[in-house]
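The values are calculated or read from the model by the stated rules, or taken from the named source; none is laboratory data. Treat the numbers as computed from the prediction; the structure is a model and nothing was measured. Backbone-built Cβ (ideal geometry, glycine too); neighbour counts: all protein chains shown.
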Amino acid sequence: MLSVKQEKNGIHVAKVGVKGLRMTIYIYIYLIDDCLIDTGPSRSGKYIIPYLQQNRFDQVILTHHHEDHTGQAAWIQQNKNVPLYIHEKGKAICEESGNYPYYRKMYWGKREAFQAQKLHDVLETKNHTFEVIHTPGHAEDHVVLFDKNNGFLFSGDLYILRRPTNIWGFENMNGIINSIKKVMPLDFESLYCYHAGAIPDGKKRLKQKLEYLEELKGKTVAYNQQGMTEKEIVKQLSLKRNILSYWSFGAYSPLNLVRSLLEEEE
Ligand SMILES: [Zn+2]
């Protein structure tokens with residue numbers, strides 16, 4: 001199902017629930033002026049394609065290359081004559097069809113190849129000006145869009161949860177911490193998150209996430225210095241595997257979180 005809601009700042013939000021075995025993950029596609037932000041996964045095409053057909057947009061911004069964000073990009077390229085933009089680090093990845101494990105293909109569907117152009121530092125729509133900020137960590141090509149005049153941020157997958165206990169093996173937690181630190185000085189209040197929707201007190205929650213991660217990092221490093229193994233640290237911190245962790249055969253796990261926090265910073 002896809003439901004549409006109008007938010008303040010002239011933002012149209014299309015919410016889609018993607019069902020799996022014993023879990024539903026929500027995604028939020030944003031339309032602001034002539035600009036679509038992220039496209040949704042290919043598996044939800046029967047809900048998303050009619051929405052894309054009914055609505056006008058002149059450009060598509062991709063917050064990063066992951067298949068739940070770019071799954072409809074090829075359809076848009078083939079059916080709507082509009083440019084797609086992504087951070088330059090994601091460009092080559094998108095030119096090939098998505099190469100990721102089969103459980104992700106089953107959940108989100110296949111991500112077909114498409115051609116994206118390099119995102120510029122500033123994005124102009126009819127009524128808004130956005131600063132494009134590179135925020136790697138969740139993905140190398142991850143960006144957020146900051147509207148300084150109206151004080152909000154399209155945050156892609158930077159936030160998602162206030163207290164993550166499991167992460168993907170491809171995520172770099174120190175990168176995420178640094179990216180949150182990079183946006184904290186900016187003057188905004190609300191967040192538009194890809195998996196949590198509109199969050200009016202988003203900055204406060206993002207700050208709470210940063211505090212949680214820094215505390216977790218402090219403890220992890222201390223336990224590591226005491227000679228504990230990564231597995232022992234997971235236990236000591238009472239970090240539990242969640243359903244997504246079992247479903248992904250451990251590709252999403254507390255162990256990744258601990259391991260990533262102990263990695264050398266670049
Ligand atoms: Zn992602």
Residues in segment 97-147 that are surrounded by fewer than 19 Cβ atoms within 10 Å (Cβ to Cβ), in a loop (DSSP other than H, G, I, E, B), within 16 Å of the ligand (Cβ to nearest atom) and free of Cβ contacts under 8 Å to residues at least 40 places away in the same chain total 2
Of the conditions (1) in contact with a strand residue (DSSP E or B) (Cβ under 8 Å, 6 or more places away or on another chain); (2) surrounded by fewer than 21 Cβ atoms within 10 Å (Cβ to Cβ), the single one that residue 170 does not satisfy is (1)
Over segment 148-157, the set of residues within 15 Å of residue 188 (Cα to Cα) and either in a loop (DSSP other than H, G, I, E, B) or without any contact (Cβ under 8 Å) to a residue 40 or more places away in the chain (or both) is 148, 149, 150, 151
A careful count of residues in segment 50-93 that are more than 20 Å from residue 134 (Cα to Cα), within 16 Å of the ligand (Cβ to nearest atom) and assigned to a helix (DSSP H, G or I) gives 1
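Residues are listed down the side, and each one gets a yes or a no for (1) in contact with a Phe, Trp or Tyr (Cβ under 7 Å, 6 or more places away or on another chain); (2) more than 25 Å from residue 70 (Cβ to Cβ); (3) not aliphatic (A, V, I, L, M):
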site: 161; (1), (2), (3): no, no, no
site: 194; (1), (2), (3): yes, no, yes
site: 197; (1), (2), (3): yes, no, yes
site: 206; (1), (2), (3): yes, no, no
site: 211; (1), (2), (3): no, yes, yes
site: 233; (1), (2), (3): yes, yes, no
site: 238; (1), (2), (3): no, yes, yes
site: 251; (1), (2), (3): yes, no, no
Note to self: Within segment 175-195, does at least one residue satisfy the condition of being under 29 Å from residue 241 (Cα atoms), within 16 Å of the ligand (Cβ to nearest atom) and in a loop (DSSP other than H, G, I, E, B)?
What the structure shows: yes
Exactly one of 30, 47 is over 20 Å from residue 131 (Cα atoms), modelled with pLDDT of 95 or more and among the aromatic types (Phe, Trp, Tyr), and that residue is 47
Check whether at least one residue in segment 162-173 is away from the ligand (no atom under 15 Å from the Cβ) and closer than 20 Å to residue 36 by Cβ, and report yes or no.
-> no
